[in-house]
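Below: the structure, in structure tokens.
Bear in mind that the values in this text are calculations on the coordinates, not laboratory data. This one's a predicted model, so the numbers in the text were calculated from it and none came from an experiment. Virtual Cβ from ideal backbone geometry, glycine too; neighbours counted across all protein chains shown.
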Amino acid sequence: MTETFDHIVIGGGSAGCVATSRLVEGGAKVLLLEGGHHHRHPLLDMPPGVFKLLKNGSKFFKIHKTIPQPQLNGRSAEIPQGNVLGGGSTVNGQAYVRGRPSDYSEWNEILRGNNDAISWDWMDILPHFKRLEGNRKFNDDLHGCDGKLVVSDPGYIDDMARWFVQAVQAQGEPFNPDFNGKAQRGVGYFQFTYNQGQRVSAAYAFIDPLKNNPDLTLRLQSQVQRILIEGGRAIGVVYKDKSGAQHTVHADGEVILSAGALITPKLLMLSGVGPADHLQDHGLKVVEDLQGVGQNLKDHPDVSVVARANGPYGYWKQDRGWNMIRNGLEFKLFGRGKVTTTGLEAACFLNPTDPEAPPTHEAYCIPIMYLNDEQLKDIKEDYGVSIQMVLLKPKSTGEVRLASANPADMPLVNPNFLNDQRDIDEMIKGLRYFRQTMETKPLADKIDRVVAPLDYSDAGLTEHCRKVVKTNFHPSGTAKMGADGDKMAVLDARMRVRGIEGLRVCDMSAVPEIPAGNTNAPAMMLGDRCADLVMGVL
Ligand SMILES: Cc1cc2nc3c(=O)[nH]c(=O)nc-3n(C[C@H](O)[C@H](O)[C@H](O)COP(=O)(O)OP(=O)(O)OC[C@H]3O[C@@H](n4cnc5c(N)ncnc54)[C@H](O)[C@@H]3O)c2cc1C
């Protein structure tokens, strides 16, 4: 006999955990199938630990190697994704950024272009953010303080971060006390999804409190293979457990697909929902011809300016030898110090050439020399600082396609980073601006010299971008919501897969445009909103 639940959620990531929690609290019996591992691990819990795992390789990540990118001299880029309960929120840098109100107004316009779809305007989205947020500092029109997701200030601020914040102010940008406040523009310090040095992932915040609730069935290391669709309705799911045994489970209510922007389109296609010709090429039966599945891939590309410091500043070698022991003890004994920060406390949002216009760039101050393997062949690592900048609204658009009809195969990911010349032009403006930051006091007083890039001509900076551009880990948009009549819209404004009953997409795949900021908070907002839609309270 197959098991039957009210709802089945595929993927316990940022959005999936929130949706699951809301549905269970609403009284539904929910099966959450998560392909990855349990989320409790010391290196995941402490803010900087995850970067060690990322560097050394870990079962908590799935690394998508992109198809070779001709515009990046044939290079393949790597896009890591969480392979663990909590998904991205368990392995991320924990910066809590919601994007800006105009992101959501923009979505609203796209979705309501020609119909009276449900509103996605900022004032209708803000209550979702506020409900989830347990801010330790703010409690006002824009913030909630009693939600489960603890959001707090950095536990430690490195001097390098302070000098960066002061240098950008000297360049004319205002100090911004809250990037989720009245204005996005300016320089300041992030808030983070952590609580006194302990990560607050979607797993900790939303699933752990349900561990004794009989309405939640949680299965880890359970890889969904496909969604069962009969008579135009999603009725269940086929998955494999960790022993490789295959199971079929049924949903009386809905199937909610939350496997992240790179796997959600793969699972739709394996279930027969996607571009008909592509599915047929792989011998898959077409259930619904939706040309937009896997298209519209957007990600924030990042490129850094890197400098060597003239003294022992920043975080270099803080995770080794005696430094590691001292920092670890300080954390264990007093709950403070360098282990309470991810290492990227300071940031700014700005427009490098038109300061009064909406920000086009986000930049993080990373108090180490942040170099890729290629650069490390030429540049000796030392104490230093990197300003890593991100294009908030990239024009380049990529896609996700099937490599084969075998669920075990990773999809073919083509992010097309910097394929659109306008993105390179914006990167060049940013690189020149942040090189200036390195030459502005008080940061300039601590810098020996900039080591990358060295050539600031258009050609030199273009080459630098092609050599080092990478993901800022925010793939989005591959099963987008869109207005009626948009042939590339996979979802309607209620996050329902067009043409299929009982199936919604609830993760960063669903967004019509990438938000101007980091994507964990927006993903959680989508989870909360999706639950409201499933429960019929919206
Ligand atoms: C290294 C890194 C650093 C980041 N830093 C930040 C940051 O500082 N701030 C910020 O706001 N954002 C950050 N992000 C981005 C942010 O965390 C993600 O955008 C967000 O978590 C995406 O949420 P999601 O629900 O769309 O997908 P995910 O959280 O990726 O969830 C998808 C889930 O589905 C599971 N899954 C996949 N395939 C299957 C399958 N076949 N069967 C069952 N389960 C499956 C996965 O294991 C995963 O748990 C970072 C991301 C990464 C990877």
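Figures for the structure shown
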quantity: Sequence-distant residues sharing a close amide H with Ile235 (under 5 Å, placed H); calculated: Leu228, Ile229, Glu230
quantity: Three-way shape label, the chain, alpha-carbon gyration tensor, a/c 1.5; calculated: prolate
quantity: Asn135 long-range amide H proximity, modeled H, under 5 Å; calculated: Gly144, Cys145, Asp146, Gly147, Val151
quantity: Residue exposure sequence - Ser304, Ser404 - by fewest surrounding Cβ within 10 Å; calculated: Ser404, Ser304
quantity: Other-chain or far-sequence residues with amide H under 5 Å of Val505's (modelled H); calculated: Leu257, Val497
quantity: Packing-based order for 101-107, 516-522, using average beta carbon neighbours within 10 Å, highest first; calculated: 516-522, 101-107
quantity: Antiparallel bridges, percent of DSSP beta bridges restricted to segment 1-145 (to nearest 5); calculated: 60 percent
quantity: Relative contact order (%) - the chain, alpha-carbon pairs under 8 angstrom, separation at least six; calculated: 23 percent
quantity: Note, ³J(HN,Hα) from phi for segment 231-244, Karplus 6.51, -1.76, 1.60, rounded to Hz, x at Gly and Pro; calculated: x, x, 10, 6, 10, x, 8, 10, 9, 10, 7, 5, 7, x
quantity: Mean Cβ neighbour count within 10 Å, used as a protection proxy, ranking 51-59, 373-381 highest first; calculated: 51-59, 373-381
quantity: Per-residue Cβ neighbour rank within 10 angstrom, fewest leading, Leu454, Leu297, Leu526; calculated: Leu454, Leu297, Leu526
quantity: Straight-distance crosslink candidates among lysines, where the alpha carbon sits under 28 Å from Lys338 and sequence neighbours closer than 8 are dropped; calculated: Lys52, Lys55, Lys59, Lys62, Lys137, Lys148, Lys317, Lys380, Lys441, Lys446, Lys470
quantity: Span from the segment 17-71 Cα centroid across to the segment 470-538 one, whole angstrom; calculated: 19 Å
quantity: Within the chain, helix-based [θ] at 222 nm, where runs of 4 or more DSSP H residues each add -39,500 (n - 2.57), nearest 500; calculated: -7500 deg cm²/dmol
quantity: Calculated from backbone phi, Karplus (6.51, -1.76, 1.60) coupling profile of segment 361-377 in Hz, x at Gly/Pro; calculated: 10, 10, 9, 10, 8, 10, x, 9, 7, 9, 10, 8, 4, 4, 5, 5, 5
quantity: Estimated vicinal HN-Hα couplings, Hz - segment 405-412 in sequence order (Karplus 6.51, -1.76, 1.60; Gly, Pro = x); calculated: 8, 8, x, 6, 7, 5, x, 8
quantity: Sequence-separation-based contact order of segment 237-350, relative, with Cα cut under 8 Å and 6+ spacing, percent; calculated: 11 percent
quantity: Antiparallel DSSP beta bridges within the chain, percent to nearest 5; calculated: 70 percent
quantity: Least to most buried among Asp484, Asp423, Asp354, Asp302 (fewest other Cβ within 10 Å first); calculated: Asp354, Asp484, Asp423, Asp302
quantity: Whole-number percent relative contact order across segment 1-71, with pairs defined as alpha carbons under 8 Å at least 6 apart; calculated: 25 percent
quantity: Reachable lysines from Lys487, criterion Cα separation under 21 angstrom, eight or more residues apart if same chain; calculated: Lys266, Lys285, Lys298, Lys395
